[in-house]
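Only one structure is covered here, and it is reproduced in the block below.
The values are calculated or read from the model by the stated rules, or taken from the named source; none is laboratory data. Note that the coordinates shown come from a computational prediction; the quantities given were computed from them, not determined experimentally. Every residue, glycine as well, gets a Cβ built from its backbone with ideal geometry; the counts of neighbours run over all protein chains shown.
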């Protein structure tokens, strides 16, 4: 009898330790945090199958082909708060620095194009509110998602499912006196939490995760209108997005995102490595746009500091991702050059501090 009791206790203990978790709004991205991820573009992993039973995913052999590091700020402190009144969190920077958590929006392929992405987090999940490019064909345009696209629905645990449809419109050659062309993106998706267990990546081991299967149907179309009347329409492309998002409590970002094709063949894997708090997007600086160019860089990078920022007794410090300082200098003007002194390729942070104690912070990416 004692042996049976001990066995039941052991089984109950294992089940308790490997209990299915629930992801809530508290586990979504947080204002002021920068999340570092790495992407393997030639992964060899096993996804397993949807199951109500505990699974163990071992992705420890993943490599890094390129890093990304989105920083989340408070939309209320930007110049666009009134334009995106339902957004409470945003990212800003070159598209190449964003991670792959951007849904069907036009981020992929934008390279070093600068711009804002506006999001909303609430008890129902993480949503895309819209975006605004700094330059290019759609530079300076406030693009809204209507209806908004859901990226991660909450609360979610094993067996939870969400259905969602999103849309945004890009106006082209608008002129009230002739025909206008509109580029329309539509997405319909299901988000089903189909598995749970533990996962190991090069970023660490997470003993309690759930897996969200995101399956999207994305259609891009062109419309020509005269006034409000559509005179021509054409489907440009149709694509399937098939992703697996692994979430853990307290990380505030997916610990892993697997991108597969419609036949479930894995194409790339992004995995979380690190969070740095309060690196943040400096809103004072954004008022005049701190610029770092080129960024990424190979030999040298110029940081352009807003004229409104006093460089009196100001200094710049440059740090590796480990926190080690590799360079420091005093500022003589609002332009400062950072040269590659045989540094190791990777991500670096700079902090500029003046006599008034005001700080500007940012990121630089050094390539080989």
For this session: Could you check, for the range 64-73, whether at least one of its residues is in the same structural domain as residue 263 (by TED's automatic domain parsing), more than 21 Å from residue 348 (Cβ to Cβ) and in contact (Cβ under 8 Å) with a residue 60 or more places away in the chain?
Result: no
For this session: Take residue 316 and decide whether it is surrounded by 14 or more Cβ atoms within 10 Å (Cβ to Cβ) and more than 20 Å from residue 93 (Cβ to Cβ).
Result: no
Seminar exercise, completed: Going through the range 138-159 in order, the residues found to be in a loop (DSSP other than H, G, I, E, B) and over 10 Å from residue 24 (Cα atoms) are 138, 140, 141, 142, 158, 159
For this session: Would you tally the residues in the range 68-97 being in contact with a helix residue (DSSP H, G or I) (Cβ under 6 Å, 6 or more places away or on another chain), surrounded by fewer than 17 Cβ atoms within 10 Å (Cβ to Cβ) and outside any loop (DSSP other than H, G, I, E, B)?
Result: 1
Exercise. Which residue, of 218, 267, 262, 225, is farther than 20 Å from residue 121 by Cβ and not in a strand (DSSP E or B)?
Worked result: 262
Problem set entry | The listed residue being at positive phi, part of a strand (DSSP E or B) and assigned by TED's automatic domain parsing to the domain that holds residue 127, out of 197, 250 | 197
For this session: Please identify the pairs in which a residue from the range 129-141 that is outside the structural domain of residue 87 (by TED's automatic domain parsing) has its Cβ atom under 6 Å from the Cβ atom of a residue that is surrounded by 14 or more Cβ atoms within 10 Å (Cβ to Cβ) and part of a loop (DSSP other than H, G, I, E, B), counting only partners at least 6 apart or on another chain.
Result: none
For this session: Of the numbered conditions (1) crowded, with 19+ Cβ neighbours inside 10 Å; (2) part of a strand (DSSP E or B); (3) at pLDDT 95 or above, residue 56 fails exactly one; give the number of that condition.
Result: (1)
Exercise. In the list 360, 335, 316, which residue meets the criterion of being in contact with a helix residue (DSSP H, G or I) (Cβ under 8 Å, 6 or more places away or on another chain) and over 16 Å from residue 299 (Cα atoms)?
Worked result: 360
Problem set entry | Among residues of the range 335-348, those that are at negative phi and surrounded by fewer than 19 Cβ atoms within 10 Å (Cβ to Cβ), counted | 8
Exercise. Among (1) surrounded by fewer than 20 Cβ atoms within 10 Å (Cβ to Cβ); (2) modelled with pLDDT of 95 or more; (3) part of a strand (DSSP E or B), where does residue 276 come up short?
Worked result: (2)
Exercise. In the range 105-130, how many residues are at pLDDT 85 or above, touching a strand residue (DSSP E or B) at 6+ places or on another chain (Cβ under 8 Å) and not in a strand (DSSP E or B)?
Worked result: 1
